[in-house]
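For reference, the structure is listed below as structure tokens.
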There are 2 protein chains.
Amino acid sequence: MEKGSASPRDLGHLFSKTAVNRKPSAIKQYYKFFAIPGVGNLAGGLPNSRFFPFETLEAQSAKPERWTPTPNYPDGEDDHLDATGNGSQPKAATHLTVPMASGEKDPVKKIDLETALQYGTGEGYPPLLSFVRQFSQRVLHPNVPHSAGVDVVMTCGSTDGFSKTLELFNNPWSEGDPISRKQGLLCEIFMYSNVLSQSQPRGMNIVPVEMDADGMLAHGTGGLEDVLENWDSSKGQRPHMLYTNGPQPNGRGAPVRRRKELYAICQKYDVIIVEDDPYWYLQYPSADRAEARSRQKPEPTTQVPPAPAKSSGYEFIDSLVPSFLSIDVDGRVVRLDTFSKTVAPGCRLGWITAQPAFIERYVRITETSTQQPSGFVQSMIAQLLLGHQTETVARFLSLGSKERQTFAGWSTDGWVRWLAGLRGSYERRMNRMCAIIDEYSYEPRVASKRPGLDSDWAYVRLHRHRCFGQQGKSRTIDGPLISAALMIYLTHAPYKVLVAPGSMFAANDDIRQTLAWSWFRICFAAEAEEKIDDCAHRFGTGVREFFKIKNPEDIEELYEEFEPRMLESPDAADAFSGLGC
Amino acid sequence: MEKGSASPRDLGHLFSKTAVNRKPSAIKQYYKFFAIPGVGNLAGGLPNSRFFPFETLEAQSAKPERWTPTPNYPDGEDDHLDATGNGSQPKAATHLTVPMASGEKDPVKKIDLETALQYGTGEGYPPLLSFVRQFSQRVLHPNVPHSAGVDVVMTCGSTDGFSKTLELFNNPWSEGDPISRKQGLLCEIFMYSNVLSQSQPRGMNIVPVEMDADGMLAHGTGGLEDVLENWDSSKGQRPHMLYTNGPQPNGRGAPVRRRKELYAICQKYDVIIVEDDPYWYLQYPSADRAEARSRQKPEPTTQVPPAPAKSSGYEFIDSLVPSFLSIDVDGRVVRLDTFSKTVAPGCRLGWITAQPAFIERYVRITETSTQQPSGFVQSMIAQLLLGHQTETVARFLSLGSKERQTFAGWSTDGWVRWLAGLRGSYERRMNRMCAIIDEYSYEPRVASKRPGLDSDWAYVRLHRHRCFGQQGKSRTIDGPLISAALMIYLTHAPYKVLVAPGSMFAANDDIRQTLAWSWFRICFAAEAEEKIDDCAHRFGTGVREFFKIKNPEDIEELYEEFEPRMLESPDAADAFSGLGC
């Protein structure tokens, strides 16, 4: 299509009734009065910053060069396949300070406590909002096809982002309401389970769509088109929301070709696409070659993706599979981003990217719920990215150390460098761990699936255990039981490793029973660098020993250490996902 | 009743359908596995803290003695009636540090980034949660009558708290749904308007209850009993939620006697009481005497409230009118607290206090929306209140300055001292400002209403302007028009003060037209100390001059500078309430 030629579609008919009812705030009508030079504010609401018990917020922060990136298009060399060289100066740090008053006039440059700790607007803290907006528009999504371009609103992380997305697009339904008003959520058969905990209590139909190695199926039996075309309205409304996130046990997320097929179907059936992609930066170009190498298979040739129509200005970003936003002609894509995986989960900070008409509604929803993320985290992240110590600050702090006076924010270059370094660090961990697991992959009947795309974990698939189908003390040994027994067995000495059963990522019980049990998720992000190898060996050894068990009753005994409902509960995955992103 | 003898009632029948559907998280079932000593975590979700770009969070923080308290039971002296003596050491500060790893084992004492910036649980950050819980149970509400005692959950501020309260107790309704399912919210005729912005889009009936000087009326025409007893079910369900907050233009909040009457009616009609009291600590015992003094009326005798059955341990807290929780036999009270007025609005941090069965549901709602407040603010407030620099920290920071090594958290004593100091500072501002306004109170036909209870603002009531009822260019000059015109007039030079029209606090348009217009809210919290007197004089002078205007058309012209819908929109108050608490 002709880039930027057409406006996004008005999709207000897909909003929830509550969201439609929200009136725009009248605040802006007052700005002109607050803005009168020298006007005395007796209207109130805003406490004087002199009453705040904090005069600065400060931090020891890393430099963006801390971690060493890996090549975007790996050559034949191996240096990026091991875990060495994790940053030339891992401990180098600098001291940043958010002062009480920065002396800056421009609100998008003014980073201080008299603004950050005051009431703010729903969009987010102006300096941080302006960074995130330009980063999203120019760097992450320079190729949005409609003319309006995307806008952003800050969130308290992606779980908050999805909660607000349900608020915007879903009318809750409960027993007794007309079935014709029951709405649904299309999703992959393996998914992030917290999304189920958010959607099911609202009475939504959860509608899994089949997958293959390229992600959600567009065509064919059980694919998206099939599900929508043959929708049985006795179950409720045909779903108008689709949730998709990173790679799943049997796949690695959808390449652009597949995304275009899925998008066309969403256009035909007027479906909103919610793209939740916390691991987007963790795409591992070396995965295929490393896998081939550790399994003595012929090496695939490095595939350099086609250059984007408009470059982000960064080779690293250009090398990543682009968001659904890059093909979003209609403006029907909502993207959820988070700082949880790139700064820290405890930030509770992220943002939503979508067409401006959606963002306007998100701001209304935010004003009447979270209002804005905490000024503590917004100002610290803003200072990390944009900050510089002005004369005012130096005077205010009467600084002794040279370091403080010379603090400079990372800027966009530094932020991209940090992301590339994180990717490098995770990629090396992943390759090392998977290579070790592969050493066990014949005897123990496990094979690691390297995530080619988006993740801080890999999946391992189990072959069939000899006890499968045999009779135990009181029951027949089936897949889910073996899966639970193995998880328990691995926590015993001498193995002592905790892994996540695939059943936790199943969209429903049927998938849990038939498919999911044979997968385990192995995370290489949580443990300290130096423990990765040892943990991988303990895992491999544990699996090997488990497969030597001959007596079905021993399997059953292990299973009984476990509360069965655990595996059936979608919430169970929360323990592993850490309640998500 | 016999204290603590009876359990709270099971009020689950008042929960929303969505809230009832929420399943308890299965996380806890996994704790035993995560807790295995030396277990390697390959289950993931929790990134290694080495990847966080922050190694410390630090701050220059105030000492609790910064502000000078006022007497809880004022004697005849005047020293607390002026604004002098605002703290013996206003600038004294100390440096606090949240380290990467504190070395502490006890999770309720462990305050560091490896916990605060990691995923957490919905209740809140353990050290802060434990402080807030014991502070609520032992200091704020030591006299809860039911046996379960109250529990707490952290929120992202009181607007988030009320949003979650609607989620817990209200089923959204919209055109086309059976009217029998439309739910309602009982409230005072003057209220915090953001609550309307939150409730109305959900299709709730907003049901104002008449007030007198003691707050919401229990009995008599338009009182709570009358409204509930004679509820017209053709408008929807009889409301099962009551919202109440601080003082209103024509009153000062409800004393205990009135609260008991209201509570008994809520028991009879099975109504949940939501008490939103951000200004609770700002009760001004000197208000009556100061008012009498500045109006040359006989001074009332100081009234010392009856001592609570069980003391908080602090004279200041014991002197405050207790929460509805102190008479909550059934466990039907939900109290919203916030750090917005006691630390800073930008914290986006507060908590909900209620019976444990309610808190359990709030935690489910939190896990699937905000997850928890930001670890940045939770750890900084925890360190401010509880922190102490351990050897570990000192080594980690290789501290130079003695100050850092000797940092000690405020503890409960320090926190209460801070609150008492804030109250003192606000009380002096209030008395000074009201005394000045009283100087204008005959000629300009204004009289200030001193808030005896809970606020950082006072109300001013206008007498009738000579143009009232006269014909202007195109319309008759009515109250709302005069009110708007005066607000505009006051923003003109030389007066240049911005005040909040009472119409913004009206629960509906009828109240806005008939009652609210004659009130103005004057805030003494926002302006710098030294500007309070000048602003109050400018206000008084401006009002006096406005009342000299003879030509109705001049009033109408002023009105036209204003967008009329502004005054009709409940959201308008957001600009003044700063989007609330």
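The values are calculated or read from the model by the stated rules, or taken from the named source; none is laboratory data. Predicted, not measured: the structure shown is a model, and the values here were computed from it. A quick note on method: Cβ atoms are made from the backbone with ideal geometry, for glycine too, and the neighbour counts reach across all protein chains shown. These area figures cover heavy atoms from the full protein model, side chains too; ligands, DNA and RNA do not enter into them. Shrake-Rupley method; radii C 1.70, N 1.55, O 1.52, S 1.80 Å.
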Would you mind telling me which numbered condition in (1) of a type in the set (Ser, Thr, Tyr); (2) at pLDDT 95 or above; (3) in a helix (DSSP H, G or I) A:Thr221 fails?
(3)
When region B:513-532 is checked residue by residue, the ones that are more than 11 Å from chain A (Cβ to nearest Cβ), of a type outside the set (Ser, Thr, Tyr), open to solvent by 40 Å² or more (accessible area, probe 1.4 Å) and in a helix (DSSP H, G or I) are B:Gln513
Give me a count of the residues in region B:201-231 that are open to solvent by 40 Å² or more (accessible area, probe 1.4 Å) and under 30 Å from A:Tyr362 (Cα atoms).
0
Failed condition for B:Met487, given (1) within 12 Å of chain A (Cβ to nearest Cβ); (2) outside any helix (DSSP H, G or I), with all others met?
(2)
Every residue in region A:469-484 that is in a loop (DSSP other than H, G, I, E, B) and either open to solvent by 60 Å² or more (accessible area, probe 1.4 Å) or in contact with a strand residue (DSSP E or B) (Cβ under 7 Å, 6 or more places away or on another chain) (or both), please.
A:Gly469, A:Gln470, A:Lys473, A:Ser474, A:Arg475, A:Asp478
Within region A:491-512, take every residue that is hydroxyl-bearing (Ser, Thr, Tyr) and either more than 10 Å from chain B (Cβ to nearest Cβ) or in a helix (DSSP H, G or I) (or both) and give me the one that is nearest to the chain's Cα centre (by Cα).
A:Ser503
So, in region B:364-409, exactly how many residues are β-branched (Val, Ile, Thr), assigned to a helix (DSSP H, G or I) and at pLDDT below 95?
2
When region B:12-40 is examined, which residues are found to be over 38 Å from the mean Cα position of the chain (by Cα) and either open to solvent by less than 20 Å² (accessible area, probe 1.4 Å) or modelled with pLDDT of 90 or more (or both)?
B:Phe33, B:Gly40
Condition first: within 14 Å of chain B (Cβ to nearest Cβ) and within 13 Å of the chain's Cα centre (by Cα). Now tell me which residues in region A:330-351 satisfy that.
A:Leu336, A:Thr338, A:Phe339, A:Ser340, A:Lys341, A:Thr342, A:Val343, A:Ala344, A:Pro345, A:Arg348, A:Leu349, A:Gly350
Go through (1) touching a Phe, Trp or Tyr at 6+ places or on another chain (Cβ under 8 Å); (2) in contact (Cβ under 8 Å) with a residue 40 or more places away in the chain; (3) facing chain A (nearest Cβ under 8 Å) and name the single condition B:Arg202 misses.
(2)
Within region B:121-162, restricting attention to residues that are among the β-branched types (Val, Ile, Thr) and either farther than 17 Å from B:Leu336 by Cα or surrounded by 19 or more Cβ atoms within 10 Å (Cβ to Cβ) (or both), which residue is farthest from the other protein chains (Cβ to nearest Cβ)?
B:Val144
Somewhere in region B:58-79, is a residue surrounded by fewer than 16 Cβ atoms within 10 Å (Cβ to Cβ), at pLDDT below 95 and not in a loop (DSSP other than H, G, I, E, B)?
yes
Any residue at all in region A:415-422 that is modelled with pLDDT under 90 and in contact with a helix residue (DSSP H, G or I) (Cβ under 8 Å, 6 or more places away or on another chain)?
no
